[in-house]
Amino acid sequence: MLNEHTKGLSIISSLLAIAGLVLMFSSISFGTALGDSWLLNQGNGVADTGQYNMIVKTYINNFVITGSILFSAGLLTAIFTYFTSVLFGKKENNNIV
């Protein structure tokens, strides 16, 4: 039973860490794409350059923060899973023949 939970938590922690890294390292392209989308929704696709830069930086920071949180959660889950399996894992009998 513990082995099944350990495998599940390992998969979840891996997915969280990978998703966090993808969000952190792709934050510039995601933020720029959302900033361009915001710009197209403005009247005639025209806005102040300073405001556009602020919007893009805000989107980029949001992706970096969200990715950092997901990566940290994945890392903490992996550490928790490891120590749980070490402390409460089934001890095998190593009989020497």
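The values are calculated or read from the model by the stated rules, or taken from the named source; none is laboratory data. In this text the structure is predicted, and so the values were computed from the model without any measurement. Methodologically, a virtual Cβ is constructed for each residue, glycine included, from the backbone with ideal geometry; neighbour enumeration extends over all protein chains shown. Ligands, DNA and RNA are excluded from the accessible area calculation, which covers all protein heavy atoms including side chains. Shrake-Rupley method; radii C 1.70, N 1.55, O 1.52, S 1.80 Å.
Note: relative contact order over the chain, using C-alpha pairs below 8 Å and six or more positions apart, is 47 percent.
One decimal place: the segment LEU39-LEU2 gains 8.2 nm when fully extended, by the rule 0.36 nm per residue minus the C-alpha distance. Of SER27, SER37, SER68, the residue with the greatest mean-square motion in the GNM of the chain, using alpha carbon springs below 10 Å, is SER37. When only the Cβ of Lys, Arg, Asp and Glu is charged (+1, +1, -1, -1), the dipole of the chain relative to its Cα centre reaches about 320 debye. Between ILE69 and THR49, the distance separating the two model label sites (each 7 Å from Cα on the Cα→Cβ line) works out to 3.4 nm. Heavy atoms only, probe 1.4 Å: what % of the accessible area of the chain goes to carbon and sulfur, would you let me know? Carbon plus sulfur share of accessible area: 66 percent. Coordinate range of the alpha-carbon atoms in the chain per principal axis, descending: 81, 19, 17 Å. For the chain, the set of trypsin sites (Lys or Arg not before Pro) satisfying both a DSSP loop assignment and a count of at most 12 other C-beta atoms within 10 Å is given as LYS90, LYS91.
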